[in-house]
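Below is one structure; the comments refer to it alone.
Just so you know, all these numbers are worked out from the coordinates, no wet-lab data involved. Fair warning: this is a prediction, and the values are worked out from it, not measured in the lab. Don't worry about glycine lacking a Cβ; one is built from the backbone with ideal geometry, like all the others, and counts go over all protein chains shown.
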Amino acid sequence: MATANLNNESSTIDTSNDGIIIVDNFQSIRGGRTLSVDGNVYSDKVIPAGHVVIKETATGDYKPMPIANEPNGVGSTSGLVAGTGYTNGTYENVPLQGGSGTGALATVVVASTVVSSVTITKAGKDYKVGDVLTVPGAYAGGTATTNSTVAVATLAAGTYSALPSGHTYAGINISTIPTTKPFAGILVRGTVNPTPMKYDITGILSAVKTALPLIDFRAD
């Protein structure tokens with residue numbers, strides 16, 4: 001069952017894109033719905049305007065569509081500095097350190113005791129182009145005389161996961177709301193601009209359009 005926190009803790013929410021994303025609201029689910037939020041599937045602190053809302057068939061619970069990647073993860077890197085004193089080998093799930101964000105993981109290859117390649121395997125979130133990330137020796141054989149680094153070249157978009165089994169697309173969240181108070185207005189007929197959405201809808205847009213034919217997804 002969906003629950004919501006009624007405590008009035010202070011918070012700051014950016015709603016500047018709400019009116020750009022929700023262009024026309026001709027019909028919404030009367031009274032809105034309290035969304036069921038599972039932190040293991042949906043980890044964002046807010047549920048942004050334009051976010052896809054789904055419904056679990058068995059329970060009738062409404063939920064934010066789960067996300068696969070947070071916005072502003074590491075899309076690609078450049079400017080590899082090889083470092084020295086690493087231990088030869090291939091190391092997976094190496095946590096890259098530093099920069100503005102958190103959570104980036106990489107596969108690191110060390111040859112001739114220097115880092116020869118860094119391949120991003122998990123983008124993380126909240127990075128900025130130009131951030132310098134360090135390959136910690138502790139996760140690449142346990143040693144490093146001088147650190148290997150890479151720079152963030154491009155950022156990855158936030159993306160949705162696949163529609164969970166036993167769920168259907170129910171509508172589009174109308175206003176940005178805190179995840180701790182997930183009282184959502186849900187658009188079912190109107191016009192939505194997908195371009196400024198926080199999470200890239202491209203991968204699921206065709207299925208969403210089929211499920212919600214009264215919503216016109218159109219970039220202005």
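Taking 1 over the mean of 1/r across every pair of different Cα atoms in the stretch 78-130, what Kirkwood radius in Å do you get?
On the way: mean 1/r = 0.0858 Å⁻¹.
Taking the inverse mean of 1/r over all distinct Cα pairs, the stretch 78-130 comes out at 11.6 Å.
With the Cα gyration tensor of the chain in hand, convert its eigenvalues to equivalent ellipsoid semi-axes via √(5λ) and list them largest first in whole Å. Mind dumping the intermediate values first?
Details: eigenvalues 325, 58, 50 Å².
For the chain, the semi-axes come out at 40, 17, 16 Å.
Once phi is turned into θ = phi - 60°, what whole-Hz ³J(HN,Hα) does the Karplus curve with 6.51, -1.76 and 1.60 give for every residue of the stretch 162-169, x standing for Gly and Pro?
Per-residue couplings from phi come out as 6, 4, x, 4, x, 10, 10, 6 Hz.
Relative to the present Cα-Cα distance, how much length would full extension add between THR34 and LYS209 at 0.36 nm per residue of separation? Write down the numbers at each step before the final one.
Numbers: separation 175, 0.36 × 175 = 63.00 nm, distance 2.33 nm.
Full extension of this stretch gives 60.7 nm more.
Apply the Kirkwood formula to the stretch 76-182: the hydrodynamic radius equals the inverse of the mean of 1/r over all pairs of different alpha-carbon atoms; give it in Å with one decimal.
15.6
Using a simple charge model, +1 on the beta-carbon of Lys and Arg, -1 on the beta-carbon of Asp and Glu, nothing else, what dipole does the chain show about its Cα centre, in debye to the nearest 20?
Working: 13 positive and 15 negative charges, 56 e Å.
Computed charge dipole of the chain: roughly 260 debye.
Compare ASN69, ASN173, ASN193 in a GNM of the chain, Cα atoms joined below 10 Å, and give the one with the largest fluctuation.
Highest fluctuation of the listed residues: ASN193.
Mean shadow of the stretch 27-143, computed from the convex hull of its alpha carbons, in nm²? Could you put the intermediate results ahead of the total?
Working: hull surface 38.9 nm².
About 9.7 nm², averaged over all directions.
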